[in-house]
Amino acid sequence: MGTLARSVLVTGFPGRQPAIHLVRELALRGGRTVCCVVPEGREEHAKSLLEKLPEEARARVSIWIGDPRSIDLGLSGEEYELLTERTELIHHCATVTDPAATKEEAAGNVKAASEILELAEASPRLRRLAFWSSAAVSGNREGFVQESDLSDAMGFRNPVEESLYRAEMMIRESIDELPVAILRPALMVGDSMTGETEDVTGLHLLIRVLLSAPEDYRIPTPSRTGVRISAVPVDYAVAAAIRIAEDERATGRTFHIVDPKPLTVHAALRLFAEATGRPPPREHDPLNLATALMRAPGMQRFTSTTRAFLDHLKTDVIYDDRNTRELLAGTGISCPDLGSYVDLMVARARDTLPH
C-alpha cells in the first residue's frame with residue numbers, strides 16, 4: 001500500500017481554524033498523506049483552501065465526505081475500512097469549543113468523541129489519537145489548574161464546557177487501551193505571522209469595538225482587571241500540537257497549550273487601545289464593559305460570543321503547562337507575546353470592518 005499506509009486523519013476541516021492550519025502544515029511537511037473528513041456541502045470550500053497549497057503538498061491531501069458525529073463518521077463500509085488501514089495519527093479537531101455554541105452543537109462533542117474512539121480502536125497502525133479539547137474545560141474553577149485536573153465540582157459556564165468535560169472523560173477511559181493525548185489550547189486567536197483568522201473571538205470583538213469608536217473613545221474596564229487572559233495564536237497551537245502528537249511520551253497525558261505569561265485584562269485593554277490609537281482605559285472606570293460591548297455598532301450579531309467572553313473575564317485561572325513545556329523543550333516552538341502580533345490583529349480587523 002506504499003505511502004498510503006501512512007496517513008494522518010484530520011477532522012474539523014474546513015470549519016475549524018486549527019484544522020485548516022493543521023492540514024496545511026501536515027501537507028507541506030510531507031511524510032504522510034492527509035485524510036480530511038469533510039461535511040457534505042463543505043467540499044467546495046475545502047477544495048478552495050487546498051488550491052492555495054503547492055501542487056506537491058496538495059497531492060498529499062484527500063477529502064472524505066462524512067461527519068464525525070455520525071456512525072462510522074458517515075463513511076461507507078469500504079471507505080471506513082480503508083481509512084482505518086491507513087491511519088497512523090488522528091487529530092480530532094471537530095470538537096466545538098466556541099462558548100457561544102448551542103446546546104445541540106455542544107452535544108455533538110460527546111457523539112463525535114465516541115465515533116473517533118471506535119475508529120481509533122479499529123486502526124491497527126495507530127500511533128496517536130490527539131484529541132483537541134480546550135483549556136476552558138476547567139469551567140468555573142479559579143486559581144491554579146493542573147493538566148491532570150478534570151472535574152465538574154465547580155460547574156461550567158456554558159453547555160460547550162460541560163460537553164468537553166464529558167468527551168474528555170470518555171477519552172480518558174480509553175487511555176489503557178489506546179495511545180491518546182489530550183490537547184487543551186487556551187483562547188485561540190489568529191495567525192501571529194499573518195493575522196489570518198477564521199474565528200471571531202472576544203479579543204477580536206474588543207478590537208472591532210475600538211476601531212469603530214471615535215478616536216477619543218476610552219474603553220471601560222471590568223471590575224476584575226487583574227484576571228489573566230491566556231490567548232494563543234493558532235499557528236503556535238498547531239505547531240505545538242504536531243510536535244506533541246509525534247512524541248511517544250505524549251501517550252496518556254494532557255497538555256495545556258497556553259501563554260506562559262498571560263496578560264491581565266487591564267494590560268490587554270491598554271495594548272489594544274494603543275494599537276488602535278485610542279486612549280488607554282482608566283484603572284477604575286464606572287462604566288460597564290458589558291454594556292459598552294453590547295451597544296457597540298455592528299456587535300448585535302455577536303451577542304452570544306460577547307456574553308461568553310465576558311464570562312471568561314470573570315474567571316481568574318492560571319493553567320499549568322509543565323507537560324507541554326517538557327515535550328517542546330529544545331524544539332524552538334514557543335508562544336509569542338500578544339504584544340508581538342497585536343498590530344496584525346488590528347490590521348486584519350480593519351480589513352473586515354463593514355464600510
Would you check which residues across the range 152-209 are among the hydrophobic types (A, V, I, L, M, F, W, C), surrounded by fewer than 21 Cβ atoms within 10 Å (Cβ to Cβ), in the same structural domain as H92 (by TED's automatic domain parsing) and in a helix (DSSP H, G or I) and list them? M169, M170
When you scan the range 90-112, do you find a residue that is assigned by TED's automatic domain parsing to the domain that holds R6, without any contact (Cβ under 8 Å) to a residue 24 or more places away in the chain, acidic (D, E) and over 28 Å from R166 (Cα atoms), even just one? no
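Given the structure, is K52 within 26 Å of R184 (Cα to Cα), touching a helix residue (DSSP H, G or I) at 6+ places or on another chain (Cβ under 9 Å) and not hydroxyl-bearing (S, T, Y)?
Considered against the rule, which asks whether it is within 26 Å of R184 (Cα to Cα), touching a helix residue (DSSP H, G or I) at 6+ places or on another chain (Cβ under 9 Å) and not hydroxyl-bearing (S, T, Y), K52 comes out as no.
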Of the conditions (1) touching a Lys or Arg at 6+ places or on another chain (Cβ under 8 Å); (2) under 19 Å from H204 (Cβ atoms); (3) at pLDDT 90 or above, the single one that P279 does not satisfy is (2)
In the range 267-283, which residue that is within 16 Å of S223 (Cα to Cα) and either of a type in the set (G, A, S) or in contact with a Gly (Cβ under 6 Å, 6 or more places away or on another chain) (or both) is surrounded by the fewest Cβ atoms within 10 Å (Cβ to Cβ)? A267
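Quick check on my filter: what residues within the range 305-350 are in a helix (DSSP H, G or I), polar (S, T, N, Q) and either touching a Gly at 6+ places or on another chain (Cβ under 8 Å) or closer than 21 Å to R224 by Cα (or both)?
Once the filter is applied, which keeps residues that are in a helix (DSSP H, G or I), polar (S, T, N, Q) and either touching a Gly at 6+ places or on another chain (Cβ under 8 Å) or closer than 21 Å to R224 by Cα (or both), the range 305-350 yields T305, T306.
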Output the residues belonging to the range 10-31 that are within 17 Å of the chain's Cα centre (by Cα) and not in a helix (DSSP H, G or I). V10, T11, G12, F13, P14, G15, R16
Restricted to the range 150-165 and to residues being of a type in the set (D, E, K, R) and modelled with pLDDT of 95 or more, the residue farthest from D98 (Cα to Cα) is D152
Filtered residue count, the range 78-136, keeping only those that are of a type in the set (F, W, Y) and under 19 Å from the mean Cα position of the chain (by Cα): 2
Would you confirm whether or not the range 210-222 contains a residue that is touching an Asp or Glu at 6+ places or on another chain (Cβ under 7 Å), at negative phi and modelled with pLDDT under 85? yes
All but one of (1) part of a loop (DSSP other than H, G, I, E, B); (2) in contact with a Pro (Cβ under 9 Å, 6 or more places away or on another chain); (3) at pLDDT 95 or above hold for L53; state the number of the condition that does not hold. (2)
Say whether the condition of being at pLDDT below 95, crowded, with 23+ Cβ neighbours inside 10 Å and within 30 Å of H312 (Cβ to Cβ) is met by at least one residue in the range 106-113. no
From T225, T254, grab the single residue that is at pLDDT 90 or above, in contact with a strand residue (DSSP E or B) (Cβ under 9 Å, 6 or more places away or on another chain), over 13 Å from S334 (Cα atoms) and not in a helix (DSSP H, G or I). T254
Does any residue in the range 327-355 that is within 19 Å of A186 (Cβ to Cβ) come within less than 9 Å, Cβ to Cβ, of a residue that is among the basic types (K, R) and outside any helix (DSSP H, G or I) six or more places away or on a different chain, and which pairs are these? L327/R253; C335/K261; D337/K261
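The values are calculated or read from the model by the stated rules, or taken from the named source; none is laboratory data. Keep in mind that what you see is a predicted model, and the values were worked out from it rather than measured. Heads up, the Cβs are rebuilt from the backbone with ideal geometry, glycines too, and the neighbour counts pull from every protein chain shown.
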